[in-house]
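A.B. asks: Right, I'll just put the structure down here and ask away after.
The values are calculated or read from the model by the stated rules, or taken from the named source; none is laboratory data. Not measured: the values here are computed from a predicted model. Don't worry about glycine lacking a Cβ; one is built from the backbone with ideal geometry, like all the others, and counts go over all protein chains shown. In case anyone asks, the SASA skips ligands and DNA or RNA and just uses the protein heavy atoms, side chains included. Shrake-Rupley method; radii C 1.70, N 1.55, O 1.52, S 1.80 Å.
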Amino acid sequence: MQLVVARIGRAHGVKGEVTVEVRTDEPELRLAPGAVLATEPAGAGPLTIETGRVHSGRLLLRFEGVRDRTAAEALRNTLLIAEVDPAELPEEPDEFYDHQLMDLDVVLTDGTEIGRITEISHLPSQDLFIVERPDGSEVMIPFVEEIVTEIDLEEQRAVIAPPPGLIDETQAVIASSRDAENDAGEDGDETPGPGKDA
């Protein structure tokens, strides 16, 4: 199975180094010197990593045969692709590869079906599950332990405990209008707000 592990950025210096946008949780494994990576577009590779180092918080790579800034700049925006055994698991038990999470059924803790994971978006602050609902609409679920309470690969499902308004936006609106109507503040009718602090 092929996984995108990085995207090449701009050239760094004049000796062929490039910055890379890392797209793997295991850069020390996937982007180590000696690794041979396929590319997209395919004509740019395969590329063999010669050296790697961190500079000002960014990973810099140099590839065999890339010796100057012009050659490095020609690789800009190229995707680096690693061949991964589909049965391989990350070292940490609470980490998952994207291909393990794709197509999982998403359910609430009471078993209510929400939809199916169709995409995983990697943002700087967190990862998001893009979930397709049965009606064809999409909802975004932050992949944080407060919301995603369980990933069960055997059962092929992700169990979530979303705050009000995350799955059904009307819940938050209804709660607000109900609170406004009940100025007397009846007991048992309080509904917490969306509370998206992830």
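A.B. asks: What residue, of ARG67, ARG116, is among the basic types (Lys, Arg) and under 30 Å from ASP168 (Cβ atoms)?
C.D. replies: Answer to the check: ARG116.
A.B. asks: So, in the stretch 27-45, how many residues would count as being surrounded by 15 or more Cβ atoms within 10 Å (Cβ to Cβ) and either assigned to a strand (DSSP E or B) or modelled with pLDDT under 90 (or both)?
C.D. replies: 9
A.B. asks: Same structure again: Could you list all residues from the stretch 72-96 that are at pLDDT below 90 and exposed (fewer than 14 other Cβ atoms within 10 Å of the Cβ)?
C.D. replies: Scanning the stretch 72-96 gives GLU83, ASP85, PRO86, ALA87, GLU88, LEU89, GLU91, GLU92, PRO93, ASP94, GLU95.
A.B. asks: Any idea which of THR48, THR19, THR112, THR24 is open to solvent by less than 20 Å² (accessible area, probe 1.4 Å) and not hydrophobic (A, V, I, L, M, F, W, C)?
C.D. replies: Unique residue meeting the criteria: THR19.
A.B. asks: So which of ARG53, ARG62, ARG10, ARG69 ends up being open to solvent by less than 50 Å² (accessible area, probe 1.4 Å) and charged (D, E, K, R)?
C.D. replies: Answer to the check: ARG62.
A.B. asks: Let me ask you something else. Take LEU101 and decide whether it is among the hydrophobic types (A, V, I, L, M, F, W, C), open to solvent by 20 Å² or more (accessible area, probe 1.4 Å) and either modelled with pLDDT of 90 or more or under 30 Å from GLU146 (Cβ atoms) (or both).
C.D. replies: Taking the combined requirement at face value, the residue does not satisfy it.
A.B. asks: For the stretch 131-153, which positions are under 21 Å from the mean Cα position of the chain (by Cα) and among the acidic types (Asp, Glu)?
C.D. replies: GLU132, GLU138, GLU145, GLU146, GLU150, ASP152 - these are the residues of the stretch 131-153 that are under 21 Å from the mean Cα position of the chain (by Cα) and among the acidic types (Asp, Glu).
A.B. asks: Within the stretch 50-86, which residues are among the charged types (D, E, K, R) and in a loop (DSSP other than H, G, I, E, B)?
C.D. replies: GLU64, ARG67, ASP68, ARG76, ASP85
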